[in-house]
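Written out below as structure tokens is the structure these notes cover.
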Amino acid sequence: MLSERFSEALSFAAQLHATQVRKGSGVPYVAHLLGVASIALEYGATEEEAIAALLHDAIEDRGGDTIRQEIRRRFGDTVTAIVDGCTDADTEPKPPWRDRKEAYIAQIPHKSASVRLVSAADKLYNALSIRKDYQQVGEQIWERFTGGKTGTLWYYRALVNAFESVESTPLVKVLAQVVAELETLTLSPK
């Protein structure tokens, strides 16, 4: 069962990300946070992992170390460590896209099972969103992404390979399947 801590995290995440929308779609960003938490819970997340799923982008997108310290104060060291593990940059300006992604991928095998669970849930949600949006808008979807089509497809394949190098959980298997579908769909457009 989820406690009042989860409700508090949900409220905090909604406040932090209230002004954000998803790239290109205009969907309120909180939908992403709820989706990632839902996927994590469906694949066995503890309450702390589910809270981290709600907050997984907070350090990166909403204030760096100031938000890290607030997460630690409100939710403790375990949640903070998971969120930190899901963060690929906590400074502005962020380092170059490819460098950040390569560094993130290289760290996956060394991350805790909790970080890998939340990260894989995040990547699955994103891959599902890309697939859905691709089916609606076609090739122009790649304009939303810094890495473009080639970089984005490389990133998701490299993520799958990194997760699989550690373990092939049911979540990682679903992520691998969705990424393969996305590659097939986009590499042979109609």
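The values are calculated or read from the model by the stated rules, or taken from the named source; none is laboratory data. Source: prediction; values computed, not measured. Note that we place each Cβ from the backbone using ideal geometry, even for glycine, and neighbour counts take in every protein chain shown.
Summary table below
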item	result
Output for segment 4-57, where each listed residue is within 14 Å of Val83 (Cα to Cα) and at pLDDT below 95	Asp57
Number of positions in segment 49-78 that are more than 16 Å from the chain's Cα centre (by Cα), in a helix (DSSP H, G or I) and of a type outside the set (S, T, N, Q)	12
Any chance His32 is touching a Pro at 6+ places or on another chain (Cβ under 9 Å) and surrounded by 14 or more Cβ atoms within 10 Å (Cβ to Cβ)	no
Flag if Ala81 is assigned to a loop (DSSP other than H, G, I, E, B) and among the aliphatic types (A, V, I, L, M)	no
Some residue of segment 90-100 being assigned to a helix (DSSP H, G or I) and surrounded by 15 or more Cβ atoms within 10 Å (Cβ to Cβ)	yes
Asp133 vs. criteria within 17 Å of Leu54 (Cβ to Cβ) and either surrounded by 13 or more Cβ atoms within 10 Å (Cβ to Cβ) or touching a Cys at 6+ places or on another chain (Cβ under 8 Å) (or both)	no
Condition check for Ala45: of a type in the set (Gly, Ala, Ser) and touching a Pro at 6+ places or on another chain (Cβ under 9 Å)	no
Verdict on Ala45 being under 13 Å from Ala120 (Cα atoms), in contact (Cβ under 8 Å) with a residue 24 or more places away in the chain, assigned to a loop (DSSP other than H, G, I, E, B) and aliphatic (A, V, I, L, M)	yes
Val118 surrounded by 18 or more Cβ atoms within 10 Å (Cβ to Cβ), within 23 Å of Ala53 (Cβ to Cβ) and in contact with a Cys (Cβ under 7 Å, 6 or more places away or on another chain)	yes
